[in-house]
Amino acid sequence: MLAVVNVHLQGHYSESLVRVKQLQGSLNSLAQKPHHALVIAGDFNCPNGASACSAYLAFGSVPATLLEWGRSVSAEVSLVASHGYDGLVSALPSVTQGGDFTYCTSPGNCVDGLDQIWFTSASLTATRRREIFRSSAERHSIATETGLPCAANPSDHLPVGAVFAWCTEDQCRDLSQSCPATSTSLPVDYDRAATTRTAEELFVEAEQLIEACPLTEDERKEFSDVTASFVRPVTQIPPSNAAEVLSDSPVKPRGSRPSNEEIEFYKAQKARRDALLARVSYETRQMLECALRLRKKGEKIRQEEIKHAALPP
């Protein structure tokens with residue numbers, strides 16, 4: 001009996017823990033159901049072979065030092081209990097082995113390895129896999145001219161596929177016996193840990209998030225331009241602590257009011273920013289909006305630090 005798990009995992013770039021827990025929950029649901037082989041396929045929203053999900057499926061656990069999208073994964077991911085399967089492998093090449101893009105919402109915004117197929121190699125053999133592109137010309141056209149969807153591909157993702165053959169009968173044992181049911185609840189301190197970061201940590205995370213966004217060069221410059229007007233130097237603290245504070249809303253010194261010209265300028269910049277967010281992909285918009293929230297939260301924490309530092313000892 002073949003078990004098939006179709007997934008569409010959490011899309012936010014930083015939610016590696018949630019994605020792994022979603023996989024764990026899906027595989028946990030098979031623990032008491034007889035099956036002799038397993039195929040897991042769908043939109044993983046993380047790169048094949050360079051993510052917590054890939055490590056979890058391949059090894060049953062995630063190293064605490066793993067990087068995903070260029071940043072360290074949450075330490076809690078390493079605490080997720082193993083899924084209990086042996087020999088889960090990818091039917092498609094990883095991003096480090098030449099795996100190609102399957103997601104490209106606009107020319108230049110291509111993301112490799114989001115759509116994946118994994119299987120139990122002890123009971124199945126992958127005999128063929130579907131070519132992602134019909135030709136090199138089609139790949140070039142999608143990557144540089146049309147993006148997705150397009151006339152030939154009416155989705156923002158390209159289809160992936162593979163053909164499997166059963167191994168010998170003596171290799172096909174009931175896998176439900178080796179997959180113990182495990183808890184899928186989040187660690188107690190998960191949400192608490194997310195609220196105890198310093199202003200500097202929030203600013204760094206915001207910049208890492210922006211850097212990881214699949215933006216074209218023009219879109220990245222536009223985002224930098226429309227948010228640059230919301231950067232103000234902090235001058236109310238001693239020179240040794242002077243820094244630039246990034247926020248998604250203009251901040252004036254306490255007691256001052258913006259001029260009419262400044263108000264109109266900020267309105268125009270906000271309109272440009274909103275227009276940019278409206279034309280990028282949903283996933284990219286989520287990442288940029290999260291970065292702006294992180295900047296705003298960091299600004300709030302920094303202002304509290306400034307206020308506290310100004311108090312007499």
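The values are calculated or read from the model by the stated rules, or taken from the named source; none is laboratory data. These figures come from a predicted structure and were not determined experimentally. No Cβ is skipped: glycine too gets one built from the backbone with ideal geometry, and neighbour counts run over all protein chains shown.
Does residue 92 count as among the aliphatic types (A, V, I, L, M), out of contact with any helix residue (DSSP H, G or I) (no Cβ under 9 Å at 6 or more places or on another chain) and over 14 Å from residue 118 (Cα atoms)?
On the way: among the aliphatic types (A, V, I, L, M): yes; out of contact with any helix residue (DSSP H, G or I) (no Cβ under 9 Å at 6 or more places or on another chain): yes; over 14 Å from residue 118 (Cα atoms): no.
No: the conditions fail for residue 92.
Are any residues in the stretch 109-140 charged (D, E, K, R) and in a strand (DSSP E or B), and if so, which ones? Explain how you work it out, then say what you get.
Quick first cut of the stretch 109-140, residues charged (D, E, K, R) only: 112, 115, 128-131, 134, 138-139.
Once the filter is applied, which keeps residues that are charged (D, E, K, R) and in a strand (DSSP E or B), the stretch 109-140 yields 112, 115, 128, 129.
Entry remark, the stretch 1-31: residues being over 22 Å from residue 68 (Cα atoms), in contact with a helix residue (DSSP H, G or I) (Cβ under 8 Å, 6 or more places away or on another chain) and surrounded by fewer than 16 Cβ atoms within 10 Å (Cβ to Cβ) number 1 in total. Applying the set (1) without any contact (Cβ under 8 Å) to a residue 12 or more places away in the chain; (2) assigned to a helix (DSSP H, G or I) to residue 65 leaves exactly one unmet item: (2). Taken over the stretch 2-50, the residue count meeting the criterion of being assigned to a loop (DSSP other than H, G, I, E, B) and either farther than 21 Å from residue 161 by Cα or not assigned by TED's automatic domain parsing to the domain that holds residue 90 (or both) is 13.
Of everything in the stretch 119-134, what is aliphatic (A, V, I, L, M) and closer than 21 Å to residue 7 by Cα? Give them in sequence order. Matches in the stretch 119-134: 124, 126, 132. Residues of the stretch 68-99 that are more than 14 Å from residue 17 (Cβ to Cβ), under 16 Å from the mean Cα position of the chain (by Cα) and not in a helix (DSSP H, G or I): 70 alone.
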